[in-house]
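Asker: After the structure tokens below, expect a handful of questions from me.
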Amino acid sequence: MRKLLFTLCALCGYVAAEACTNYIVGKKASVDGSVICSYSADSYGDYHDLCHYPAGKHPKGTMRRVVDWESHEYRGEIPEAEETYNVIGNINEWQLTIGETTFGGREEMVDTTGIIDYGSLIYITLQRAKTAREAIDIMTTLVEQYGYASEGETFTICDPDEAWILEMMGCASDRKISKERTVWVAIRIPDDAICGHANQSRISRFDMKDKENVRYSKNVVSYARKMGWFSGKDEEFSYNEAYAFPDFSGRRICDARVWTFFNRFAEGMDRYIPWAEGKDKNAEPMPLWVKPARKLSVHDVETAMRDHFEDTPFSLDGDIGGGIWEMPYRPTPLYYTVDGKKYFNERPVSTQQAGFVYVSQMRSWLPRQVGGVLWFANDDGNMAAFTPIYCCTTEPPLPYNTPGADDTHFSMDNAFWVENWVSNMVYPRYSLMFPELKEVRDSLEQSYFKEQKEVEDHACSLTEEARVRYLTSYGAQKANQMLDRWRTMATHMIVKYNDMIIKPEENGQFKLTPGGLGARPVRPGYPEKFARQLVKQSEGRFLMPED
């Protein structure tokens, strides 16, 4: 199925949410005891708001329409829960957070008769569950009853105490072949470990006797046997080998993003480079989780979501693909053909097609309205600032949910479009312009972290109702502050870097001549590395005569 998905991507240039990245940090692996998880929704030009579902009470017998999260097509109806919880983005009022990455798997397993797609499953569950374990029960019960209408998916499911991953696939559409609806397995990530998944099924063998930390469908092995995909002993069964084998693209394009996360924080990851390279069929498989050499902060995870394989064998700074100013991004699609041979681009964590990125922080020792923070960026995480959105937020900040803005309508009041405006100026002139963006981005984020304790101490002193109002207002204030700063940066950059020059500045103001005109600009020319490549490639064509 993965090969099919990437082929469709190459032909159409668009696959919504088929290429995401999730990282997970257990509470004993974080600096302050938070459970932390992240998600980059990489959707090839798709536009995303920060969604909101208000809490509600519903009369018994109320039905809920299920509308496909990607296509917006009506799929069917299911009974609504009598009580639903407030959801902002991918976190709910109980600090429960759910993310995902699509791994595809065997295409013959897709259930086209199913009602519930992966996106709907996430947001329906966030409205109904308080804990990760409860979420797993709800998710698996729903798909077993109504059918799962998506390809294979890995879900990150975290609460303030536990982190889990759940892998799920449908059981085909032909009820003559099977009346079963899904095969799934869920594993708890140890509290002192970090984990990740990035469009490749990560669960292989699992301990079927560990009822506390492992859950699975009754048919997870028997279905593979019936279909002729497995014939060994139960204890030898591997979920991904049966349903989503890690081939070259599953390792190089996908698992390499997990490897670079592990490599940042754990020792001895060089041994898994052959696995991430994807070419050695006998390479040692990378583990599902590792124990980090030090404890991680929210900032560490934000930094990891900005990764471009720097200082690794997969680094993107060693060839001409980045252009004159060494852009650590590559154009899509992932694959291209030259003289009849197929080639690929490295696929880093940070990618221009990200619709939104978040880092979720969940803390058990604080009041629940205060403990959950969705650090949200409405663009590629490397090119945007993460602003704090508390889990009790009852109204999305206007920059993240702007009337009139969508994937074909620009708005100066919308974070997605203003951040993309800046990003698309910076991408092709990365080494020239990115340092200025980074300075603005980092200064904003540092101010948020600096304010966090004071804000939360004050919130804890309030009544619950006042606390919700205060934190909702605070999230809006920071989102608006970020957007104002980004608009200023956008107009400043247009003036400063116009026509590939640099207008000189002094004390934050452009320098002027005595006559009041802009001072003579700096013409940066080629970076030395690119100039050398150009001279070599041109074979003396541009060499000046010595006389």
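Asker: Could you list the square roots of 5 times each eigenvalue of the Cα gyration tensor of the stretch 217-344, that is, the equivalent ellipsoid semi-axes, sorted largest first and rounded to whole Å?
Answerer: Gyration-tensor ellipsoid for the stretch 217-344: 32, 22, 13 Å.
Asker: Then there's this: Ignoring ligands, DNA and RNA, what percent of the accessible area of the chain is carbon or sulfur (1.4 Å)?
Answerer: 51 percent
Asker: Taking the simple approach of a point 7 Å from Cα along Cα-to-Cβ for both residue 341 and residue 83, what is their distance in nm?
Answerer: Taking the two extended label points, one gets 6.4 nm.
Asker: Also, I was wondering about something else. What does the extension gain come out to for residue 407 and residue 31, with contour length at 0.36 nm per residue minus their alpha carbon separation?
Answerer: Net length gain for the segment: 131.5 nm.
Asker: Shifting gears a bit: Summing -39500 (n - 2.57) over the DSSP H runs of n ≥ 4 in the chain and dividing by its residue number, what mean residue ellipticity at 222 nm do you reach, to the nearest 500 deg cm²/dmol?
Answerer: That comes out to -9000 deg cm²/dmol.
Asker: What does the charge dipole of the chain about its Cα centre add up to, to the nearest 20 debye, if the Cβ of each Lys and Arg holds +1 and the Cβ of each Asp and Glu holds -1?
Answerer: 520 debye
Asker: Over the stretch 82-136, give the accessible area per residue in Å² for a 1.4 Å probe, as an integer. Before the final figure, lay out the partial values.
Answerer: Numbers: 1230 Å² over 55 residues.
Accessible area per residue, the stretch 82-136: 22 Å².
Asker: If each residue of separation counts as 0.36 nm, what is the full-extension length gain between residue 436 and residue 546 once their alpha-carbon separation is subtracted?
Answerer: Between residue 436 and residue 546, full extension yields an extra 35.7 nm.
Asker: Here's something else I'd like to know. What FRET efficiency comes out for the pair residue 130/residue 466, r = Cβ-Cβ distance, R0 = 30 Å, nearest 0.05?
Answerer: After rounding, the FRET efficiency stands at 0.85.
Asker: What distance in nm lies between label points placed 7 Å from Cα along the C-beta direction at residue 72 and residue 502?
Answerer: 4.4 nm
Asker: Assuming R0 = 41 Å, can you tell me the calculated FRET efficiency for the pair residue 52 and residue 494, based on Cβ-Cβ distance, to the nearest 0.05?
Answerer: 0.80
Asker: Based on alpha-carbon centroids, what's the gap between the stretch 410-450 and the stretch 499-540 in Å, whole number please?
Answerer: So the two Cα centres are separated by 21 Å.
Asker: Here's another thing I want to ask about it. As an exercise, take the mean of 1/r over every pair of distinct alpha carbons in the stretch 156-232, invert it, and state the Kirkwood radius in angstroms. Each step should come with its number before you reach the end.
Answerer: On the way: mean 1/r = 0.0712 Å⁻¹.
Averaging 1/r across every pair of different Cα atoms and inverting gives 14.0 Å.
Asker: Under a point-charge model restricted to the Cβ atoms of Lys and Arg (+1) and Asp and Glu (-1), what is the dipole moment magnitude of the stretch 408-447 relative to its Cα centre, in debye to the nearest 20?
Answerer: Computed about the Cα centre, the dipole is about 160 debye.
Asker: What is the distance in Å between the Cα centroid of the stretch 138-177 and that of the stretch 309-350?
Answerer: Rounded to whole Å, the Cα centres lie 33 Å apart.
Asker: Mind checking which lysines have their C-alpha under 18 Å from residue 226, skipping anything on the same chain fewer than 8 residues away?
Answerer: Within the straight-line cut-off, residue 226 pairs with 176, 179, 218.
Asker: Would you mind checking the pairs 281/342; 130/478; 130/279; 496/529 and listing those with alpha carbons more than 31 angstrom apart?
Answerer: 130/279
Asker: Based on alpha-carbon atoms only, what is the radius of gyration of the stretch 423-511 relative to the globular estimate 2.2 N^0.38 Å?
Answerer: Normalised Cα radius of gyration, the stretch 423-511: 1.46.
Asker: Give me the distance in nm between label points sitting 7 Å out from Cα along the Cα-to-Cβ direction at residue 235 and residue 364, one decimal.
Answerer: 3.1 nm
Asker: Straight-line reach from residue 27: which aspartates and glutamates fall under 18 Å, measuring Cα to Cα and dropping same-chain residues less than 8 apart?
Answerer: Straight-distance partners of residue 27: 159, 161, 162, 191, 192, 212, 300, 302.
Asker: Also, I was wondering about something else. For the stretch 70-81, what does the Karplus curve 6.51 cos²θ - 1.76 cosθ + 1.60, with θ = phi - 60°, yield as ³J(HN,Hα) per residue in whole Hz, taken in order and with x for Gly and Pro?
Answerer: 8, 8, 6, 8, 5, 10, x, 9, 9, x, 7, 5
Asker: Would you compute, for the Cα atoms of the chain, the largest minus smallest coordinate along each principal axis and list the three values in descending order, in whole Å?
Answerer: Cα extents, longest axis first: 83, 63, 45 Å.
Asker: Can you compute 3J(HN,Hα) from phi for each residue in the stretch 516-523, using the Karplus curve 6.51 cos²θ - 1.76 cosθ + 1.60 with θ = phi - 60°, rounded to whole Hz and x for Gly and Pro?
Answerer: x, 8, x, 4, 4, x, 8, 10
Asker: A further question on this structure: Taking the Cα centre of the stretch 436-531 as the origin, how large is its charge dipole in debye, to the nearest 20, when only Lys and Arg (+1) and Asp and Glu (-1) carry charge on their Cβ atoms? Kindly include the intermediate steps, with their values, before the conclusion.
Answerer: On the way: 15 positive and 15 negative charges, 104 e Å.
Charge dipole, the stretch 436-531, about its Cα centre: 500 debye, nearest 20.
Asker: In nm, what is the difference between 0.36 nm times the number of residues separating residue 509 and residue 108 and their Cα-Cα distance?
Answerer: Contour length minus Cα-Cα distance gives 138.2 nm.
The values are calculated or read from the model by the stated rules, or taken from the named source; none is laboratory data. Given the structure is predicted, the values throughout are model-derived calculations rather than measurements. With ideal geometry, Cβ positions are generated from the backbone for all residues, glycine too; neighbour counts draw on all protein chains shown. All accessible areas refer to the heavy atoms of the entire protein, side chains included, with ligands and DNA or RNA removed. Shrake-Rupley method; radii C 1.70, N 1.55, O 1.52, S 1.80 Å.
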